[in-house]
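A short worksheet on the structure shown next.
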Amino acid sequence: MEKRGKIGVFDSGIGGVTVLKEIIKILPKENYIYYSDSKNNPYGEKTSNEIRKRCDEIVKYLINQNCKVIVIACNTASASSANFLRKKYPEIIFIAIEPAYKMVHDYSYEKPTLVMATKSTIESEKFNLLLKKYDNHKTYLLPCVGLAQKIEEGNETQIKKYLNENLEMYRGKIENVVLGCTHYPLIQEEIQETLGKVTFFNGAPNLANHLKNVLEQKNLLNNRGSGKVKFKDSQDSEEKRKRFFIYLYH
Ligand code: DGL
């Protein structure tokens with residue numbers, strides 16, 4: 001493993017850009033490769049086995065691209081596949097996102113909380129262990145079936161309609177919102193409009209700090225890279241590439 005190796009980041013689509021953005025804020029000199037699996041998303045309604053197979057393929061690709069560490073920037077993929085990947089590739093460092101529910105426990109325990117995530121994440125063993133450990137007993141779980149797909153497509157009208165139909169009932173009842181899918185920070189404003197004033201919890205900034213610490217400890221920090229970001233999409237979609245870079249740099 002060498003310092004000049006890339007940081008690989010992947011998600012089912014372009015949502016993981018919300019994680020990469022936080023990472024680049026504190027590690028601007030690293031070089032990155034981002035893999036968006038738009039040919040196979042959404043992951044949120046797939047079985048664990050199907051998701052694992054996709055993650056395995058992506059990880060093989062990223063290892064071939066000389067990655068010194070791989071960030072699983074997808075809560076759904078982390079929940080179903082992080083353990084499997086760590087076991088299968090013990091020589092690779094994996095950093096995995098998870099819904100920021102512990103932050104609610106640490107900073108806002110008393111307040112009613114809504115966890116928004118994919119169906120697969122909400123049903124996963126990993127998330128249920130987290131919930132059991134940090135339960136504030138005022139938590140509503142909302143499996144947002146189809147929402148990541150609408151964000152992926154960038155369809156504003158559909159997104160607003162979805163939020164009105166699925167979130168309106170929580171308006172005024174909720175004070176904390178856990179953004180348990182990496183696509184959701186892209187529509188934070190729209191969620192706020194539907195729910196009113198709430199505090200958002202997003203695991204990406206903590207993940208970025210953790211990644212920096214791990215690279216530091218292992219003497220793998222690159223302070224001399226050019227901060228290049230390479231984008232790879234399993235569908236080679238030009239439209240996805242464009243939107244990815246718009247989200248990343250604006
Ligand atoms: N962005 C992903 C996550 O964090 C999942 C989206 C999907 O369903 O593909 O869970």
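The values are calculated or read from the model by the stated rules, or taken from the named source; none is laboratory data. Please read all numbers here as calculations on a predicted model, not as lab measurements. Virtual Cβ from ideal backbone geometry, glycine too; neighbours counted across all protein chains shown. Accessible surface areas use protein heavy atoms only, side chains included; no ligands, DNA or RNA. Shrake-Rupley method; radii C 1.70, N 1.55, O 1.52, S 1.80 Å.
Given only helices, namely DSSP H runs of n ≥ 4 each adding -39500 (n - 2.57), what is the per-residue ellipticity at 222 nm of the chain, to the nearest 500 deg cm²/dmol?
The helix-only estimate for the chain comes to -14000 deg cm²/dmol at 222 nm.
Could you pull out every residue, at least 5 positions away or on a different chain, whose amide H is within less than 5 Å of the one on residue 200? Hs are placed 1.01 Å off N in the peptide plane, and Pro or chain starts have none.
177
At a probe size of 1.4 Å, how large is the accessible area of residue 38, to the nearest 10 Å²?
10 Å²
Over all alpha-carbon pairs of the range 28-71, lay out the pair-distance distribution in 10 Å bins, whole %, shortest bin first.
Result, from short to long distances: 24, 49, 23, 4 percent.
Which angle between 0 and 90 degrees, to the nearest 10, do you get for helix 204-217 versus the longest principal axis of the chain when only C-alpha atoms count?
So the inclination is approximately 30 degrees.
Which of 84, 43, 17 sits closest to the plus end of the dipole of the chain, meaning its Cα is farthest towards the positive end, when Lys and Arg get +1 and Asp and Glu get -1 on the C-beta?
The Cα lying farthest towards the positive end belongs to 84.
Got the relative contact order for the chain handy, in percent, Cα pairs under 8 Å and 6 or more residues apart?
31 percent
Within the set of other residues whose C-beta is less than 9 Å from the C-beta of residue 13, count the net charge using Lys and Arg as +1 and Asp and Glu as -1.
Result for the neighbourhood of residue 13: -3.
With every protein chain left in place and a probe of 1.4 Å, what is the accessible surface of residue 86, to the nearest 10 Å²?
100 Å²
Can you put 249, 109, 170, 32 in order of accessible area, largest first, using a 1.4 Å probe?
Ranking 249, 109, 170, 32 by accessible area, largest first, yields 249, 109, 170, 32.
Enter the accessible area of residue 103 (Å², nearest 10), with the probe set to 1.4 Å and all protein chains included.
The accessible area comes out at roughly 50 Å².
For the range 5-43, which trypsin sites (Lys or Arg not before Pro) are both in a DSSP coil and crowded by at most 16 other Cβ atoms within 10 Å?
The qualifying sites are 29, 39.
If you roll a 1.4 Å probe over the heavy atoms of the protein chains, what accessible area per residue do you get for the range 95-182, in Å²?
Result: 50 Å² of accessible area for each residue.
Ignoring ligands, DNA and RNA, what percent of the 1.4 Å accessible area of the range 22-116 is carbon and sulfur?
C and S fraction of accessible area: 48 percent.
Using only alpha carbons, build the gyration tensor for the chain and give me the equivalent ellipsoid semi-axes, biggest first, whole Å.
After diagonalising the Cα gyration tensor, the semi-axes are 29, 20, 18 Å.
Given R₀ = 45 Å, FRET efficiency for residue 158-residue 91 by Cβ-Cβ distance, to 0.05?
Given R0 = 45 Å and the Cβ-Cβ separation, E is 0.60.
Under the rule that an exposed site lies in a DSSP loop and has at most 16 other Cβ atoms within 10 Å, name the longest stretch of the chain with no GluC sites (Glu not before Pro) of that kind, not counting the sites themselves.
No qualifying site falls inside 111-250, the longest such stretch.
Any idea what the relative contact order of the range 1-148 is, in percent, if you count C-alpha pairs under 8 Å spaced at least 6 apart?
Answer for the range 1-148 is 25 percent.
Mind ranking 199, 157, 118, 139 by accessible surface for me, highest first, 1.4 Å probe?
157, 199, 139, 118
Strictly over 29 Å apart at the Cα level, which of 102/240; 3/60; 132/242; 60/102 would you flag in this model?
As for pairs spanning more than 29 Å Cα to Cα, those are 102/240; 132/242; 60/102.
May I ask for the angle, rounded to the nearest 10°, between helix 75-88 and the longest principal axis of the chain, with both axes built from Cα atoms and the value confined to 0 to 90°?
40 degrees
Heavy atoms only, 1.4 Å probe, whole protein assembly: order 105, 210, 137 by accessible area, highest first.
Heavy-atom accessible area, descending, gives 137, 210, 105.
What accessible area per residue, rounded to a whole number of Å², is obtained for the range 11-82 using a probe radius of 1.4 Å?
In whole numbers, the range 11-82 has 31 Å² accessible per residue.
Between beta-carbons, use under 14 Å as the cut-off and find the net charge around residue 190, counting Lys and Arg +1, Asp and Glu -1.
Once all neighbours under 14 Å are counted, the net charge is -1.
In debye, nearest 20: dipole of the range 159-250 around its Cα centre with unit charges on the Cβ of K, R (+) and D, E (-)?
Dipole magnitude for the range 159-250 comes out near 420 debye.
What is the helix-to-structure angle for 156-167, meaning the angle in degrees between its Cα long axis and the longest Cα principal axis of the chain, kept from 0 to 90 and rounded to the nearest 10?
On a 0 to 90 degree scale, this one is about 50.
What is the mean projected area of the alpha carbon convex hull for the range 32-135, to one decimal in square nanometres?
It is 7.3 nm².
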